[in-house]
């Protein structure tokens, strides 16, 4: 048995920006409605307050934590609440048609922030970008951004519950062009 430390690469870490950071990554025309939304937002998860929460976006805190555990690489999934969402993107229902433009601006702010966050430690981090299922042409544009921005962790496919009748399910042939775009950009689907 060796006393040498293990070097770990984790395939399931999470990160996201603070709301103050996300505001700066929003297209300017969405900042006023962001401020209104932010004023009424309440974090649904109390355990995400304090220093634990800060390692989602603070490079020094995150790196110190990972270094103490021997983590040398990570595939990073989103986990904070992007602008205009009610809860984490991982568990949120896709936006309704009337909320789509705001939510699209929110995930695009997240993807821009995420690209910069991963670029702070590009050897260690492989970020997973976001798309929305509402408009597949826009989803393809977001896939192109994800690839160009170096979010090499791939694309997080959205969950589409059966009660979202305004959306095409992932098995619909219309999604084939989205899957082709992911493949053509040499990304993986998560």
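Data for the structure
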{"read-out": "Extreme residue, modelled with the lowest pLDDT, among residues of region 150-190 that are under 14 Å from the mean Cα position of the chain (by Cα) and assigned to a loop (DSSP other than H, G, I, E, B)", "value": "159"}
{"read-out": "Long-range neighbours under 7 Å by Cβ, at least six apart or interchain, first residue at negative phi within region 137-165, second surrounded by fewer than 16 Cβ atoms within 10 Å (Cβ to Cβ) and assigned to a helix (DSSP H, G or I)", "value": "140/177"}
{"read-out": "Tally, over region 88-106, of residues that are assigned to a helix (DSSP H, G or I) and either touching a residue at least 24 places away in the same chain (Cβ under 8 Å) or touching a helix residue (DSSP H, G or I) at 6+ places or on another chain (Cβ under 7 Å) (or both)", "value": "7"}
{"read-out": "Restricting region 66-87 to residues that are under 30 Å from residue 33 (Cα atoms) and assigned to a strand (DSSP E or B), the residue that is nearest to the chain's Cα centre (by Cα)", "value": "78"}
{"read-out": "Tally of residues being buried (at least 19 other Cβ atoms within 10 Å of the Cβ) and without any contact (Cβ under 8 Å) to a residue 24 or more places away in the chain across region 55-87", "value": "1"}
{"read-out": "Unmet criterion (only one of (1) without any contact (Cβ under 8 Å) to a residue 40 or more places away in the chain; (2) in contact with a helix residue (DSSP H, G or I) (Cβ under 6 Å, 6 or more places away or on another chain)) for residue 109", "value": "(1)"}
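The values are calculated or read from the model by the stated rules, or taken from the named source; none is laboratory data. Small disclaimer: the values here were computed from a predicted structure and weren't measured. Note that each Cβ is placed from the backbone with ideal geometry, even for glycine, and that neighbours are counted across all protein chains shown.
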